[in-house]
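Peer 1: Handing you a structure now.
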Amino acid sequence: MNTSFRSNGSMSSDHSNASGTALGLTACVAALGALILCTDLWLRDTPGSPGLCVTAGCRLAGQSLRLGDIPLLVAGVLFFALTALMAILTRQKSGSPLWRQLLTMLVFGGLAFDGTLLGYQFLVLQTACQVCVGVAGALFLILILLALNRHSWRLFIKGLGIWAGAASAIFFLALTPPTPDQAATIQFTSGNATQPFPRYHLYYSNNCDQCESLLMILALVNPKTSSWDISCVDTDDKHLAQLTPTWNQRHTLTNIFAALLAAKQSPSSLPVPNDLRHKAEKARTWIVNKDYTGVPLLVVTLDTYQHTILQGKASILDYLGKKQVFNKGNNPLVELLSGSPPPKAAHTP
């Protein structure tokens, strides 16, 4: 009897120690997550620093949030700090059922939120934020530790189901990536256009010969009264730095097409404005999400529900000419540049 009692007591002690260790590790992982997110916040507050995540996916994901990425990071810090605190309290309470349930509910809520966020990034934006993926990894590690603490793999399966359900639900929602006007690098109106439609959304790249030729023609012919959204799909620092002077003067330029051409030949050491970078990333994401194969691309918004899509210099010029957006007149240079484009394919962003 005594031997059996000591054996059961030893088993109970081992069980308690394993549970305590799992909760201790949970607190450590959560505290580390809060520390990393705090570091990201500190770096973002440093002038010229993008934070821990330097990819376009991170910046685009931040721009897709209603309140921006800073409030999301603050919420992440608070979540991990609260998770660490509750794990410590649960351990001190010797695995009290109430505290364990509260901790589990908190982690399940974090998994649902993270699943929704990553689901939107992967399924709608088709890009990913490194920090967000890292947070997801930390959440799954915490979930595994809680399953070990509870000695229940059902808990892990439940958590995985919550995350997957929230992520896959995005697939069925009518969510869309940025619209053309939201992705416009530069917006302007030629002449005295007062009507909202038609509106011309032009996508171009500085690495595209057809784009350069098209911009040259538009600079020469000076389109009639019309509203334009012009979007550069280049997201590298070199081309964005070249575009920065034009961006800074965009409200005072009289010939925006000529200014864009000049920007390509003008090296600039000016810092790239965050708004310009975000616009270029949104434009590139819009192109990719719509499965277009290259630029130049013109999207003509005819009314709230109708759009005309034209790809390539020849088709764009033909459409603009037929719609009398501009007249070639007797300018031989315009006639020459408007000729059939070379067989080289349009640039793919």
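Peer 1: Among Lys158/Lys279; Lys290/Lys323; Lys279/Lys322; Lys282/Lys322; Lys158/Lys290, which pairs are too far apart, with a Cα-Cα distance over 28 Å?
Peer 2: Values: Lys158/Lys279 39 Å; Lys290/Lys323 25 Å; Lys279/Lys322 30 Å; Lys282/Lys322 30 Å; Lys158/Lys290 35 Å.
From Lys158/Lys279; Lys290/Lys323; Lys279/Lys322; Lys282/Lys322; Lys158/Lys290, over 28 Å: Lys158/Lys279; Lys279/Lys322; Lys282/Lys322; Lys158/Lys290.
Peer 1: Test of understanding: ordering Thr225, Thr285, Thr104, Thr254 by Cβ neighbours within 10 Å, fewest first, what list do you get? Present the calculation step by step, with values, prior to reporting the outcome.
Peer 2: Working: Thr225 12, Thr285 24, Thr104 20, Thr254 9.
Exposure proxy ranking, most exposed first: Thr254, Thr225, Thr104, Thr285.
Peer 1: Mind giving me the nanometre distance, one decimal, between the label points for Leu123 and Thr293, set 7 Å out from Cα along Cα→Cβ?
Peer 2: That separation, rounded to one decimal, is 2.9 nm.
Peer 1: A follow-up question, please. How fast does region 186-337 diffuse by Stokes-Einstein, in µm²/s, taking the Kirkwood radius from C-alpha pairs at 37 °C and 0.692 mPa s? Please list the in-between numbers first.
Peer 2: Working: Rh = 15.9 Å.
This corresponds to a translational diffusion coefficient of 207 µm²/s.
Peer 1: So how much slack lies between Leu35 and Val133, counting 0.36 nm per residue of separation and subtracting their Cα-Cα distance, in nm?
Peer 2: Full extension from Leu35 to Val133 adds 33.7 nm.
Peer 1: If you don't mind, another one. For region 243-322, what are Rg and Dmax over the alpha carbons, in angstrom?
Peer 2: Considering region 243-322 through its Cα atoms, Rg and Dmax are 15.0, 42 Å.
Peer 1: Moving on. Exposure proxy check: Arg154, Arg277 ranked by fewest other beta carbons within 10 Å?
Peer 2: Details: Arg154 9, Arg277 19.
Arranged by neighbour count, lowest to highest, Arg154, Arg277 become Arg154, Arg277.
Peer 1: Based on alpha-carbon centroids, what's the gap between region 130-147 and region 79-106 in Å, whole number please?
Peer 2: 16 Å
Peer 1: In whole angstrom, how far apart do the alpha carbon centroids of region 250-278 and region 213-242 sit?
Peer 2: 9 Å
None of the figures in this text is laboratory data; all of them are computed from the coordinates on show. These numbers come from a predicted model, not from an experiment. Neighbour counts are summed over all protein chains in view; Cβ atoms, including those assigned to glycine, are modelled from backbone coordinates with ideal geometry.
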